[in-house]
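Trainee: This is the structure I want to talk about, given as structure tokens.
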Amino acid sequence: MITAAETCDFVNQVVCKPANVKELFEFTNFAGTQISRTEVLILLAAIIPVVVVFFGLRKKSVVPGKLQSAVESIFSFVKDEIALGVIGRGGEKFTPYLVSIFLFILVGNLFEVAPLINFPVTSRMALPLFLSLITYFIFVFVGIREEGFGYISHLVWPPGVPVALKPLVGIIELVSVLLVRPFSLAVRLFANLVAGHVMLSLLLASAYFFIVQPGGADYILSKAPVGLAWFTLGLGIYGFELIVSILQAYIFTLLSAVYIQTSLHPEH
Amino acid sequence: MNMNLEILLAEAEESGSGIDLLLPATSELVAGVAAFAIVFFFIWKWALPALNETLENRASAIEGQIKEAEETKAEAEKSKSEYDELVSNADAEVQKIIDEGKAAAEKIKEDMIAEAKKEADSIVEKAKSDSEAEKERVSTELKSEVADLSLEISQKVASSMTKKDQQKLIDKFIKDMG
């Protein structure tokens, strides 16, 4: 944003659309194709966890080092607290999927606060939607595998509900499970990251524009304190967004496990 | 002001409607599928088996160390019981030595007392014997002295007596002797 805005005239131009804005986000002639910065970052969000996990578990030491301990802690956390803790019996076979989405979303989210990147790939709808659709297909598949046609019929005609309420609850349940769940899962992640990204961008870019600005010394002195205030607030939000990034990865993984659990153990 | 508003509206129209922001870009979707496939297959095929292997190795190493520690502990307990036994035997041995020492000392004491008593008796006996001999000697000397003195006295008396008185005295003496 700052690089793009450098072509703008702050004093005389009210609305500025930088001429080079597309060049900043797209790499032309990349292996003969046009590949965007977002796509490169999505691939980077896959490569980083793979490299970190590879170097963490490469030695397979009985007495683990710092990196191995960290990787083992993440895996153990997802396996014990989410896969086994939430899904329970039979949850172990979903561990690879849950660990994968947790790491992938975590790295994608952390790009928001990563210096020189400052762009969470999960703030683009493609990634949250794709991941929530995988979760959706898994829990629907597991539900049909466990109960057969009963999975759908239990949604439409829920057992244990007074007959008079069954049609209403059935519709709510059907819409809630088969339509709202994947959508809410995707939008929750997407909206949180978009909001954080926009907030951080506005605060830090405003700080920059108010501090580093054209004009004389008097002009700079009159606006710089405002810029410092934005910068201070931006730093606070920066820390907050770090927590949000980790939390949203955890929530997405946890809800995926909860949805799988409701299909795997419908009696609960 | 109106010009600015017109520019803003034109920009908004150009950048598309709000729903466009919610629709995923196909290229990003493809990149997302490829990226997630990489992560998933890596985690599924390599990372989790590697982690499980590491955890199994660690568990067996810990079990081995616990077993080794238990064996060492059992060995230490055995050594301790042997040591305790040795110490208790040593106590008995020491007590035996002390008892023997006491008995020997008691015997030596008794022997010394008996010896001393014997020696004392012998000294007393010798002293008695010496005393008797001295007494005999003194008595003999005294008798001799008395005899000499008697002789001297008798000579002096005889010289002052008449022949008749002397004969009379001798007779009386013989008579008394008889």
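Trainee: Could you identify the single residue in A:99, A:78 that is buried (at least 19 other Cβ atoms within 10 Å of the Cβ) and either within 20 Å of residue A:190 (Cβ to Cβ) or within 8 Å of another protein chain (Cβ to nearest Cβ) (or both)?
Mentor: A:99
Trainee: While we're on this one: Can you find a residue in segment B:56-76 that is among the aliphatic types (A, V, I, L, M) and within 19 Å of the chain's Cα centre (by Cα)?
Mentor: Checked segment B:56-76: no residue is among the aliphatic types (A, V, I, L, M) and within 19 Å of the chain's Cα centre (by Cα).
Trainee: Can you pull out the helices (runs of 4 or more DSSP H) entirely within segment A:39-151 that have at least 1 residues that are closer than 15 Å to residue B:35 by Cβ?
Mentor: A:95-110, A:126-147
Trainee: Is one or more of the residues making up segment A:210-224 modelled with pLDDT under 90, surrounded by 14 or more Cβ atoms within 10 Å (Cβ to Cβ) and among the aromatic types (Phe, Trp, Tyr)?
Mentor: yes
Trainee: In this structure, does residue B:50 turn out to be touching a Leu at 6+ places or on another chain (Cβ under 7 Å) and at pLDDT below 95?
Mentor: The answer is yes for residue B:50.
Trainee: For the structure I just gave you, tell me whether residue B:62 is modelled with pLDDT of 90 or more and on the phi < 0 side of the Ramachandran plot.
Mentor: yes
Trainee: Still on this structure, please answer the following. Which of the residues spanning segment B:52-78 are of a type in the set (D, E, K, R) and either within 21 Å of residue A:60 (Cα to Cα) or outside any helix (DSSP H, G or I) (or both)?
Mentor: B:53, B:56, B:58, B:63
Trainee: Then there is this: Quick one: is residue B:130 over 25 Å from the mean Cα position of the chain (by Cα) and free of Cβ contacts under 8 Å to residues at least 60 places away in the same chain?
Mentor: yes
Trainee: Kindly check whether there is at least one residue in segment A:110-118 that is touching a Pro at 6+ places or on another chain (Cβ under 6 Å) and touching a residue at least 60 places away in the same chain (Cβ under 8 Å).
Mentor: Taking every residue of segment A:110-118 in turn, at least one turns out to be touching a Pro at 6+ places or on another chain (Cβ under 6 Å) and touching a residue at least 60 places away in the same chain (Cβ under 8 Å).
Trainee: Identify the residue in segment A:131-150 that is buried (at least 20 other Cβ atoms within 10 Å of the Cβ) and either more than 13 Å from every other protein chain (Cβ to nearest Cβ) or free of Cβ contacts under 8 Å to residues at least 12 places away in the same chain (or both) and, among all such residues, is farthest from residue B:27 (Cα to Cα).
Mentor: A:143
Trainee: In this structure, is residue B:25 facing chain A (nearest Cβ under 7 Å) and farther than 28 Å from residue A:48 by Cβ?
Mentor: So residue B:25 does not fit the description; no.
For (1) surrounded by 14 or more Cβ atoms within 10 Å (Cβ to Cβ); (2) facing chain B (nearest Cβ under 9 Å); (3) free of Cβ contacts under 8 Å to residues at least 24 places away in the same chain, each residue gets a yes or a no:
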position	(1), (2), (3)
A:49	yes, yes, no
A:58	no, yes, yes
A:68	yes, yes, yes
A:82	yes, no, no
A:86	yes, no, no
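Trainee: A further question follows. Can you tell me which residue among A:186, A:191, A:195, A:114 is in contact with a helix residue (DSSP H, G or I) (Cβ under 7 Å, 6 or more places away or on another chain), within 30 Å of residue A:242 (Cα to Cα) and not hydroxyl-bearing (Ser, Thr, Tyr)?
Mentor: Residue meeting the stated conditions: A:186.
The values are calculated or read from the model by the stated rules, or taken from the named source; none is laboratory data. Computed from a prediction, not measured in an experiment: that's the story for all the values here. Note that we place each Cβ from the backbone using ideal geometry, even for glycine, and neighbour counts take in every protein chain shown.
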